[in-house]
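Structure, as structure tokens:
The values are calculated or read from the model by the stated rules, or taken from the named source; none is laboratory data. Since the model is a prediction, treat every value here as computed from it, not as a measurement. Methodologically, a virtual Cβ is constructed for each residue, glycine included, from the backbone with ideal geometry; neighbour enumeration extends over all protein chains shown.
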Amino acid sequence: MILVLGTLITGCGNKQAQDTKTPANQIAVIDMDKAMQSHPKYSQLMTLAKQVDTLEAQLEAQQLADEKAQIANLTPKISESEIDQLNKSFEQEFNTKIEAKQDELNAAIKGKANTFSQTLSDEMNAYNEQIDKEYQPQLVDLEIKLKKVDLKPEEKTSLEAEVDKIHTKRSAALEEKQKQLTTRMDELMAPEKAALEQELQAYAKQMNEEMSKQIEAKQAEIIARNNEQSTPSATASSEADEIQKQLVMKQQELEALQGFILQNISEKTGKVATEDGIEAVLTNVAVNVSAVDITTKVIAECNK
């Protein structure tokens, strides 16, 4: 008897073939999946398969744990408190230097403001003198007229109103000039303030870059010191090796049992085929054929 799984099982009869075609009543089929699942040792096979799956999952989990442990051992050692202390120290130094730079720039812009203010103040004084030259003679003339003793009440009232009008015009002119000078002061200081802000930002950026390098160097120093003081841990787990050994044994046991079941089914199929005068048995037939199904008989033989 020869077993060709998935294709053909031939019987053990000694009858010689006289035709190239096998008679339909001498061909049988068998459902190997059904025969396997009905075999008395199939439940044992499934138990082994589950054990293999469990061991594979345990091995994967243990290997992952070992990998994480190895990464932890290789990770540079520096505590959160050391990092916080280091950052606070450099942050304090950074703030101190920025404040000093701000004071320096504020002093420079204050000097610029004083220069502009003096120029505009001189212009305001000159304008004030100009306004006085324009309105002072009128006021003096009105004051002289008001001192006359023979003034009628209505004339005095009119002159006083004229004085008030001139004072109002003078104050309005001076106020308008002051607004113009204030606007010019803002215009003059705007680029100075922008330049100060840019210089301060550039200085802060430079300080950040320098201190970042200093922090990295200091952290590397702390890590090197901590790593020297720490003791190396194991880099591999014996548990993974043990699980691997168990898995190999279970896989071998599973393969052996599977081979035994297939061999047993093959032998029983050959026996049934011989007893029934069948010369060929097809397995895993995908389409309906004119052949007898001997799956039930083979199952019965396996369960004897």
Name every residue in the range 263-275 that is in contact with a helix residue (DSSP H, G or I) (Cβ under 8 Å, 6 or more places away or on another chain) and surrounded by fewer than 18 Cβ atoms within 10 Å (Cβ to Cβ), in order of residue number. ASN264, LYS271
Exactly one of LEU48, LEU159 is among the aliphatic types (A, V, I, L, M) and not assigned by TED's automatic domain parsing to the domain that holds LEU200, and that one is LEU48
Counting only residues that are among the small types (Gly, Ala, Ser) and either loosely packed, with under 10 Cβ neighbours inside 10 Å or at pLDDT 80 or above (or both), how many does the range 217-229 have? 2
Filter pass, GLN178 being at pLDDT 90 or above, under 30 Å from LYS218 (Cβ atoms) and surrounded by 12 or more Cβ atoms within 10 Å (Cβ to Cβ): no
Out of ASP103, ASP122, ASP84, report the one residue that is in a helix (DSSP H, G or I), within 40 Å of the chain's Cα centre (by Cα) and either at positive phi or loosely packed, with under 11 Cβ neighbours inside 10 Å (or both). ASP84
Any residue in the range 103-114 that is farther than 17 Å from MET185 by Cα sitting within a Cβ distance under 8 Å of a residue that is in a helix (DSSP H, G or I) and not hydrophobic (A, V, I, L, M, F, W, C)? List the pairs, counting only those 6 or more apart or interchain. LEU105/GLU199
Pick out the one residue from THR75, THR7 that is loosely packed, with under 15 Cβ neighbours inside 10 Å, more than 30 Å from ALA240 (Cβ to Cβ) and modelled with pLDDT under 70. THR7
List pairs: first residue in the range 132-150 and under 11 Å from GLU162 (Cα atoms), second residue assigned to a helix (DSSP H, G or I) and modelled with pLDDT of 90 or more anywhere in the structure, Cβ distance under 6 angstrom, at least six positions apart or on different chains. GLN138/ILE166; LEU139/ILE166; LEU142/GLU162; LEU142/VAL163
Could you identify the single residue in ALA173, ALA100, ALA126, ALA161 that is aliphatic (A, V, I, L, M) and touching a residue at least 12 places away in the same chain (Cβ under 8 Å)? ALA173
From the list GLU91, GLU154, pick out the single residue that is closer than 30 Å to ARG170 by Cα and either part of a helix (DSSP H, G or I) or in contact with a Lys or Arg (Cβ under 9 Å, 6 or more places away or on another chain) (or both). GLU154
Qualifying position, being in a helix (DSSP H, G or I), among the basic types (Lys, Arg) and under 30 Å from PHE116 (Cβ atoms), among LYS145, LYS177, LYS213: LYS177
